[in-house]
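Shown next, in structure tokens, is the structure this report addresses.
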Amino acid sequence: MAERSTTMLGEEPAPKDIESMDALKVAIVEQLRDADVQFPIKSKGQLANIYPKGTRKACLYKGKEVSLHDMIPMLEEKDFPINSAGDAAIVLLGKCDLDVVR
């Protein structure tokens with residue numbers, strides 16, 4: 001019998017958590033496309049101009065609600081360049097916990 005898989009986060013995420021994360025990814029992609037953002041995004045500074053302080057979309061990071069703008073400093077240089085809206089969503093949400101996304 002196969003053993004139950006585990007993730008680095010501990011318990012496997014619930015389908016509801018994955019649906020929430022996917023919905024936020026879609027919202028980010030739609031925002032970037034609607035704003036006609038030009039790619040590639042080459043730096044944290046450029047991304048911070050796209051997602052200024054007060055950006056409404058947020059998720060939990062280490063148990064605390066964090067806006068997309070506030071997640072930008074958590075990114076690493078290796079995350080750049082960001083070549084598409086989908087890549088931006090993946091990079092940003094890579095800093096979110098899976099338990100709650102808004």
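Summary of values
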quantity: Set Ala27, Ala14: member being of a type in the set (A, V, I, L, M) and at pLDDT below 80; calculated: Ala14
quantity: Inter-residue pairs, beta-carbon under 9 Å, first under 15 Å from Ala48 (Cα atoms) and of a type in the set (D, E, K, R) and in region 73-89, second modelled with pLDDT under 90 and in a helix (DSSP H, G or I), 6+ apart; calculated: none
quantity: Residue satisfying all of: in region 66-79; assigned to a helix (DSSP H, G or I), buried (at least 17 other Cβ atoms within 10 Å of the Cβ) and of a type outside the set (D, E, K, R); modelled with the highest pLDDT among these; calculated: Ile72
quantity: Residue within region 80-95 that is assigned to a strand (DSSP E or B) and either more than 20 Å from Asp22 (Cβ to Cβ) or modelled with pLDDT of 90 or more (or both) present; calculated: yes
quantity: Any chance Gln38 is among the polar types (S, T, N, Q), surrounded by 17 or more Cβ atoms within 10 Å (Cβ to Cβ) and either over 12 Å from the mean Cα position of the chain (by Cα) or modelled with pLDDT of 85 or more (or both); calculated: no
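The values are calculated or read from the model by the stated rules, or taken from the named source; none is laboratory data. Note that the coordinates shown come from a computational prediction; the quantities given were computed from them, not determined experimentally. Neighbour counts are summed over all protein chains in view; Cβ atoms, including those assigned to glycine, are modelled from backbone coordinates with ideal geometry.
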